[in-house]
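What follows is a single structure, written as structure tokens, with notes after it.
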Amino acid sequence: MNPTQALNDDEIDELDDFLMSEGVPEDGMDISTLDGFFAALVLNPRLIMPSEYLPWIWDMEQGEDAPAFASLEQANRILQLVMRYYNSVLTTIGNDDFAPLFYTLAQEDGSEFFDAEGWSMGFMRGVLLFVEPWEEVFEKYPEFLVPMVLLGTEQGWDTLEKSPDGKQATQDAYESIAGAVALLHDHFGEQREAETKKRLAQPGRAPSGLVSDVVDMPNTRFKVGRNEECPCGSGKKFKKCCGAPPTVH
């Protein structure tokens, strides 16, 4: 796997199909929400490790429930797609070439309307889960977060509902998101450089922030037959390994 290779359209659809499947808990993220979530994590000057954020992809509300994979192969495949997706968001934001991934909604008049609510909810989840660097933004530069707050929080939805032209206000907000991301990237520049220097001093850490390591997923569930190879990687059959009944003492 090349961890820096961006997902093509088919792979994005593949990842989205899994995120929307029955194997993922009801409160799991879809691909647009994941895009916003990763944008917030990438902007955070502290490197957020996969072990910290993966549980929230599967269970956006509590970070406790886990997906059920059909096999170890599927688990590895999905994890590869997730890691590559994170790296592509990291790269495009760093290159000032980031384009938020929104769902498109067809309107009755034949026009199209971009639904940025899910993206913004994912972004704000990433902000509030790892909030320390964002506290100064909320306090001194709240305007940097206006489009995400409007589209991704209950407070923002109330504001849009009271707006004289809510549809236009919503469109203005989602059209401002890419610019807000670029502004926030510049804002965190010095802090990001300081954190990178810290990582350079730590053996084994990737200063770029690109993710390429093997990732553990606690509480992962597999749909596996008792005579199939155990997904833990032991090489034993499932019934002789993790699927074995407990020993009575």
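Using the structure shown, decide if S163 is modelled with pLDDT under 90 and farther than 15 Å from V127 by Cβ.
On the way: modelled with pLDDT under 90: yes; farther than 15 Å from V127 by Cβ: yes.
So S163 fits the description; yes.
Could you tell me whether Y103 is farther than 27 Å from D17 by Cα and among the hydroxyl-bearing types (S, T, Y)? Outline the logic, then answer.
Working: farther than 27 Å from D17 by Cα: no; among the hydroxyl-bearing types (S, T, Y): yes.
No.
So, of the residues in region 58-77 that are crowded, with 21+ Cβ neighbours inside 10 Å and among the hydrophobic types (A, V, I, L, M, F, W, C), which turns out to be farthest from L101 (Cα to Cα)? I'd like the intermediate steps shown before the answer.
Filtering region 58-77 for residues crowded, with 21+ Cβ neighbours inside 10 Å gives 58, 60, 67, 69.
Applying the additional criterion that residues be among the hydrophobic types (A, V, I, L, M, F, W, C) yields 58, 60, 69.
On the way: W58: 19, M60: 18, F69: 25 Å.
Here the answer is F69.
If a residue must be open to solvent by less than 10 Å² (accessible area, probe 1.4 Å) and part of a loop (DSSP other than H, G, I, E, B), how many such residues does region 46-57 contain?
Of the residues in that region, 1 qualify.
Within region 78-104, take every residue that is assigned to a helix (DSSP H, G or I) and of a type in the set (G, A, S) and give me the one that is least open to solvent (accessible area, probe 1.4 Å). Please lay out each step first, then the result.
Taking region 78-104 and keeping what is assigned to a helix (DSSP H, G or I), we get 78-94.
With the extra rule that they be of a type in the set (G, A, S), the set shrinks to 88, 94.
Working: S88: 25, G94: 45 Å².
The residue in question is S88.
Would you please name the residue that is farthest from F69 (Cα to Cα), looking only at residues in region 4-45 that are in contact with an Asp or Glu (Cβ under 9 Å, 6 or more places away or on another chain) and surrounded by fewer than 16 Cβ atoms within 10 Å (Cβ to Cβ)?
D27
Can you name every residue in region 52-83 that is under 18 Å from F123 (Cα atoms) and out of contact with any Lys or Arg (no Cβ under 8 Å at 6 or more places or on another chain)? Step through it out loud before you land on a result.
First, pick out the residues of region 52-83 that are under 18 Å from F123 (Cα atoms): 52-63, 82-83.
Within region 52-83, E52, Y53, L54, P55, I57, W58, D59, E61, Q62, G63, V82, M83 meet the criteria.
Looking only at residues that are of a type in the set (A, V, I, L, M, F, W, C) and within 23 Å of the chain's Cα centre (by Cα) in region 140-170, which one is surrounded by the most Cβ atoms within 10 Å (Cβ to Cβ)?
Taking region 140-170 as the starting set, the residues that turn out to be of a type in the set (A, V, I, L, M, F, W, C) are 144-146, 148-151, 157, 160, 169.
After this cut, where a residue has to be within 23 Å of the chain's Cα centre (by Cα) as well, the list is 144-146, 148-151, 157.
Details: F144: 18, L145: 22, V146: 16, M148: 29, V149: 21, L150: 24, L151: 26, W157: 16.
Residue satisfying both the conditions and the ranking: M148.
Output yes when any residue across region 41-61 is aromatic (F, W, Y), over 22 Å from W134 (Cα atoms) and modelled with pLDDT under 95, and no when none is. Lay out the reasoning, then the answer.
Kept after step one, since they are aromatic (F, W, Y), are these residues of region 41-61: 53, 56, 58.
This time we only want the ones that are over 22 Å from W134 (Cα atoms), so: 58.
Adding the requirement that they be modelled with pLDDT under 95 leaves none.
Scanning region 41-61 turns up no residue that is aromatic (F, W, Y), over 22 Å from W134 (Cα atoms) and modelled with pLDDT under 95.
Looking only at residues in region 171-202 that are assigned to a helix (DSSP H, G or I) and of a type in the set (G, A, S), which one is surrounded by the most Cβ atoms within 10 Å (Cβ to Cβ)?
Initially, region 171-202 is screened for residues assigned to a helix (DSSP H, G or I), giving 171-175, 177-187, 189-200.
Keeping just the survivors that are of a type in the set (G, A, S) gives 173, 178-180, 182, 189, 194.
Values: A173: 23, A178: 17, G179: 10, A180: 20, A182: 14, G189: 11, A194: 10.
Result: A173.
Going by the structure shown, is V137 surrounded by 12 or more Cβ atoms within 10 Å (Cβ to Cβ), within 23 Å of R46 (Cα to Cα) and free of Cβ contacts under 8 Å to residues at least 60 places away in the same chain? Break it down into steps so the answer makes sense when it comes.
On the way: surrounded by 12 or more Cβ atoms within 10 Å (Cβ to Cβ): yes; within 23 Å of R46 (Cα to Cα): yes; free of Cβ contacts under 8 Å to residues at least 60 places away in the same chain: yes.
Criteria met by V137.
The values are calculated or read from the model by the stated rules, or taken from the named source; none is laboratory data. These numbers were taken from a predicted model, which means no experiment stands behind them. Here Cβ is always computed from backbone atoms with ideal geometry, including for glycine, and neighbour counts include all displayed protein chains. The accessibility values were calculated without ligands, DNA or RNA, using every heavy atom of the protein model including side chains. Shrake-Rupley method; radii C 1.70, N 1.55, O 1.52, S 1.80 Å.
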